[in-house]
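The structure appears right after this line, and notes come after that.
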Amino acid sequence: ARSLNLKSYEEWREHTRSSDFPTDVHKDPIRFYKNKGWIDVTDFLGTSYVSTKKRKYRSFKEARKYARSQNLKSGREWVEHTKKQGFPKDIPVGVEKFYKDEWTTMPDFLGYTRKLYKKKK
């Protein structure tokens with residue numbers, strides 16, 4: 001698996017569907033190697049990716065400090081920002097769920113004041 005330079009389990013699954021996939025290699029290594037030395041997909045493929053469940057994230061205060069430094073003005077801008085290359089891997093994308101005990105609002109997290117619009121008469 002490591003010699004294939006695959007980057008994800010999805011790529012592995014796609015490879016198992018190819019006509020040249022060896023018959024002596026199991027297609028579902030997670031289940032096949034369970035209790036036989038299996039660690040995780042990252043180890044199996046030899047990638048440096050760390051699953052979101054196993055990452056060590058910044059504290060809420062440090063994540064908020066980073067977010068505020070980006071001068072974003074809405075939740076939509078935050079979501080788009082998280083998709084950009086270079087977004088820190090130690091800040092969760094779903095900040096409101098991950099930091100639920102400290103979370104208040106997106107304006108607080110990003111550091112802007114929400115504009116209230118008056119209804120036109």
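The values are calculated or read from the model by the stated rules, or taken from the named source; none is laboratory data. The structure presented is a predicted model; accordingly, all values stated were derived computationally and were not measured. Cβ placement follows ideal geometry from the backbone for every residue including glycine, while neighbour counts extend to all protein chains displayed. The area values use the complete protein model at the heavy-atom level, side chains included, leaving out ligands, DNA and RNA. Shrake-Rupley method; radii C 1.70, N 1.55, O 1.52, S 1.80 Å.
Worth pointing out:
- Computed E for Arg76/Lys56 - FRET, C-beta separation, R0 30 angstrom, nearest 0.05: 0.60
- What the Cβ-Cβ distance of Glu14 and Lys84 gives, at R0 = 30 Å and to the nearest 0.05, is a FRET efficiency of 0.70.
- Which of Phe109, Thr47, Tyr66, positive extreme of dipole for the chain (C-beta unit charges): Phe109
- Taking the Cα centre of the chain as reference, the dipole from Cβ charges on Lys and Arg (+1) and Asp and Glu (-1) amounts to some 1120 debye.
- Within the accessible area of the chain (1.4 Å probe), percent carbon and sulfur: 50
- Rolling a 1.4 Å probe over the heavy atoms of the protein chains gives the chain an accessible area of 81 Å² per residue.
- Once percent of Cα pairs over 18 Å apart is calculated for the structure shown, the corresponding label among [x] 59; [y] 64; [z] 52 turns out to be [y].
- Helical contribution to [θ] at 222 nm, DSSP H n ≥ 4, -39,500 (n - 2.57), averaged over the chain, rounded to 500: -8500 deg cm²/dmol
- Nearby aspartates and glutamates by direct alpha-carbon distance to Lys83 (threshold 17 angstrom, same-chain neighbours under 8 apart not counted): Glu96
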